[in-house]
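Colleague: Structure in structure tokens, see below.
Every read-out reported here was derived from the displayed coordinates using simple, explicitly stated rules and does not represent laboratory data. Nothing here was measured: the structure is a model prediction, and the numbers come from that model. Here the Cβ is made from the backbone with ideal geometry for all residues, glycine too, and neighbour counts use every protein chain on show.
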Amino acid sequence: MIIEHALLQVKPGQEPAFEAAMAQARPLIEASPGFLDIEVRSAVERSGLYLLLVRWESVADHRDGFRKSDRYQQWRALLHPFYDSMPSVDYFGDPL
């Protein structure tokens, strides 16, 4: 199992609309082969900052599966307009 990690900085004042769009987008990623779980958390002390954690069976399930699918294009259309800057994505392996 791997964890996809991204910090999402949402444009000021767009947080409620982003959260509604994320609720719409969740079924798109949840339907992906290799998907295990998703968490989205808002920062306690920084407005508009969200932590995205997605658990996948493998990096390929995210990068070569979901990211190359029509579902990802819909995900992008729903969520990417809210980002103040494009987030970087990192993958993490098993706990030490």
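Colleague: What residue among Leu28, Ile3, Ala77 has its Cα farthest toward the positive end of the dipole of the chain, where the charges are +1 on Lys, Arg and -1 on Asp, Glu, each on the Cβ?
Modeller: Going by the Cα projections, it comes out as Ala77.
Colleague: Sequence gap at least 6, Cα distance under 8 Å: using those rules, report the relative contact order of the chain to the nearest whole percent.
Modeller: It comes to 47 percent, rounded to a whole number.
Colleague: What's the extension gain from Ser69 to Met1 if we count 0.36 nm per residue and subtract their Cα-Cα distance?
Modeller: Value of the extension gain: 22.4 nm.
Colleague: When the helices in the chain are scored as -39500 (n - 2.57) per DSSP H run of 4 or longer and the sum is shared across all residues, what 222 nm value do you end up with, to the nearest 500 deg cm²/dmol?
Modeller: Rounded to the nearest 500, it is -8500 deg cm²/dmol.
Colleague: Something else now. Quick one: Karplus J couplings for the range 46-61, per residue in order, coefficients 6.51, -1.76, 1.60, θ = phi - 60°, nearest Hz, x for Gly and Pro?
Modeller: Result, rounded to whole Hz: 10, 4, x, 9, 10, 9, 10, 10, 10, 9, 10, 5, 8, 4, 4, 4.
Colleague: Neighbouring Cβ atoms within 10 Å as the yardstick, rank Leu51, Leu28 fewest first.
Modeller: By the 10 Å Cβ count, ascending, the order reads Leu51, Leu28.
Colleague: Between the range 6-37 and the range 43-81, how many Å separate their Cα centres?
Modeller: 7
Colleague: Beyond 22 Å, what share of the Cα-Cα pairs of the range 2-92 is found? Please give it as a whole percent.
Modeller: Above the 22 Å cut-off, the range 2-92 has 21 percent of its Cα pairs.
Colleague: Provide His5, His62 in ascending order of the number of other Cβ atoms located within 10 Å of each residue's Cβ, fewest first.
Modeller: Lowest count first: His5, His62.
Colleague: Just to be sure I understand: with springs between alpha-carbon atoms less than 10 Å apart, which residue in Pro16, Pro33, Pro81 has the highest mean-square fluctuation in the Gaussian network model of the chain?
Modeller: Sorting by GNM fluctuation, first place goes to Pro16.
Colleague: Amide H to amide H under 5 Å from Ser69: which residues, 5+ apart in sequence or cross-chain, H placed 1.01 Å off N in plane?
Modeller: Counting only residues 5 or more places away or on other chains, the set is empty.
Colleague: Hey, another quick one. Determine, for Ile2, Ile38, the number of other Cβ atoms within 10 Å of each Cβ, and report the residues in order from fewest to most.
Modeller: Neighbour counts put them in this order, fewest first: Ile38, Ile2.
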